[in-house]
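What follows is one structure encoded as structure tokens, with my remarks underneath.
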Amino acid sequence: MPELPEVETIKNELLETVIGKEIASVKIRLPKILKVDESVEASKNELDNPAILFTKILTNAKIKNVRRRAKLIIIELSNNYSIVVHLKLTGRLLYNIIPDPHTHFIFEFKDSSRLLFNDLRQFGYLKLIKNEQIKNLFLKENFGPEPLENDFTLEMFKNILAKKKRSRIKIFLLDQKNIAGIGNIYANEICFKAKVDPARVIGALSDQETEKIFLAIKEILALAIKYKGTSTDAYRNIFGQKGNFVPFLKVYGRQKKKCLRKGCEGVIERINLGNRGTFFCPKCQR
Ligand SMILES: [Zn+2]
């Protein structure tokens with residue numbers, strides 16, 4: 001699933017490509033991916049057939065801004081509505097690519113360029129919402145802080161940890177209500193960088209370990225954005241290209257391989273923790 005670095009990459013690329021563009025029309029091939037926030041006023045027919053509503057509101061609207069919160073992309077329009085996109089497992093936003101059988105939605109712009117929403121497994125969605133309701137949506141989702149923002153400090157991290165003393169650190173990192181945007185790949189990498197066993201209970205972490213985890217969160221996510229994310233699975237950027245972070249992965253997907261930490265002779269193990277594949281070096285992660 002695309003995590004913070006992948007979604008941030010897509011957001012940055014959308015900022016470079018679609019801002020200011022006017023939507024000439026939309027093509028909706030799979031209406032089941034459409035959602036309408038309950039705050040949107042619409043007739044019963046429009047709510048039963050969201051494609052009608054999307055067509056009405058999006059046609060002739062301009063793309064005003066694109067933002068990210070957690071793993072959500074918010075495409076803000078000039079008419080006080082936004083489209084919130086969740087890519088879930090295999091969703092992609094693709095710019096100027098030829099549609100294929102997995103293309104479910106197309107924004108066609110007046111300059112003849114287009115933005116596609118493709119999704120092989122169809123868990124992703126596009127949600128129509130009024131701009132004034134976006135804050136409420138975030139509140140309802142109960143997202144934790146954005147880890148790369150300056151206001152996410154060590155002190156704030158310690159306060160959040162203090163409420164989850166009995167949780168295991170990796171499971172904690174994956175919960176969007178604790179910190180927003182971290183998924184399975186980066187949670188594994190963060191624990192490795194901090195030299196902490198992913199199964200460690202939070203209450204037993206030292207101050208030094210807590211600080212190492214905090215720094216690892218910031219460093220790994222920032223580095224992954226720099227390299228435009230990780231394409232171990234379906235993730236592609238808006239130009240259909242893979243991210244470049246795979247060569248930087250130290251544990252994720254490396255079970256039975258030699259630990260890459262200098263001087264460590266350990267072998268990476270894969271276990272199941274909270275139902276997710278968990279990769280770590282039993283020798284240098286304690
Ligand atoms: Zn090791």
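Here are the numbers:
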read-out: Tilt relative to the chain, helix 184-193 - C-alpha long axis, 0 to 90 degrees, to 10; value: 30 degrees
read-out: Selection from Asn60, Leu139, Val85 lying farthest towards where the dipole of the stretch 4-141 points positive, charges on Cβ; value: Leu139
read-out: Radius of gyration and Dmax over the Cα atoms of the stretch 154-280, both given in Å; value: 14.6, 45
read-out: Positive-end extreme of charge dipole, the stretch 167-286 - chosen from Thr278, Asn188, Phe245 (charges on Cβ); value: Phe245
read-out: Of Lys228/Lys283; Lys170/Lys226; Lys35/Lys110; Lys27/Lys110; Lys218/Lys283; Lys170/Lys212, pairs whose Cα-Cα distance is over 21 Å; value: Lys228/Lys283; Lys170/Lys226; Lys35/Lys110; Lys218/Lys283
read-out: Per DSSP, loop trypsin sites (Lys or Arg not before Pro) in the stretch 105-153 with at most 14 further Cβ within 10 Å; value: Lys110, Arg121
read-out: Loop chymotrypsin sites (Phe, Trp or Tyr not before Pro), the stretch 223-286, which have at most 13 other Cβ atoms in a 10 Å radius of their Cβ (DSSP); value: Phe239
read-out: Cβ-placed point charges (K, R +1; D, E -1), dipole of the stretch 43-143 about Cα centre in debye, nearest 20; value: 360 debye
read-out: Net lengthening on full extension, Glu41/Phe239 (0.36 nm per residue, minus Cα-Cα); value: 67.8 nm
read-out: Rel. contact order, % - alpha carbon contacts under 8 angstrom, at least six apart, the chain; value: 19 percent
read-out: Distant alpha-carbon pairs in the stretch 1-110 (separation over 21 angstrom), percent; value: 36 percent
read-out: Residue-averaged [θ]222 nm for the chain, counting only DSSP H segments that reach four residues, each worth -39500 (n - 2.57); value: -8500 deg cm²/dmol
read-out: Separation of alpha-carbon centers, the stretch 102-121 and the stretch 271-286, rounded to whole Å; value: 39 Å
read-out: Mean separation of Cα contacts under 8 Å (6+ apart) over length of the stretch 4-141, as relative contact order %; value: 30 percent
read-out: Charge dipole (debye, nearest 20) of the chain; +1 at Cβ of Lys and Arg, -1 at Cβ of Asp and Glu; value: 1060 debye
read-out: Diffusion coefficient, µm² s⁻¹, Stokes-Einstein with Kirkwood Rh over alpha-carbon pairs of the chain at 4 °C and 1.567 mPa s; value: 64 µm²/s
read-out: Unit charges at the beta carbon, dipole of the chain: most positive-side option, Ile74, Ile268, Ala216; value: Ile268
read-out: Given the chain, longest segment not containing exposed loop GluC sites (Glu not before Pro) (DSSP; at most 15 other Cβ within 10 Å); value: 150-264
read-out: For Lys35, distant residues with modelled amide H under 5 Å away; value: Leu126, Lys127, Leu128
read-out: Cα long-axis angle, helix 207-226 against the chain (0 to 90 degrees, to the nearest 10); value: 40 degrees
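Readers should treat all values here as calculations from the given coordinates under stated rules, not as data from a laboratory. Owing to the predicted nature of the structure, the values given are computational and were not obtained by experimental measurement. A quick note on method: Cβ atoms are made from the backbone with ideal geometry, for glycine too, and the neighbour counts reach across all protein chains shown.
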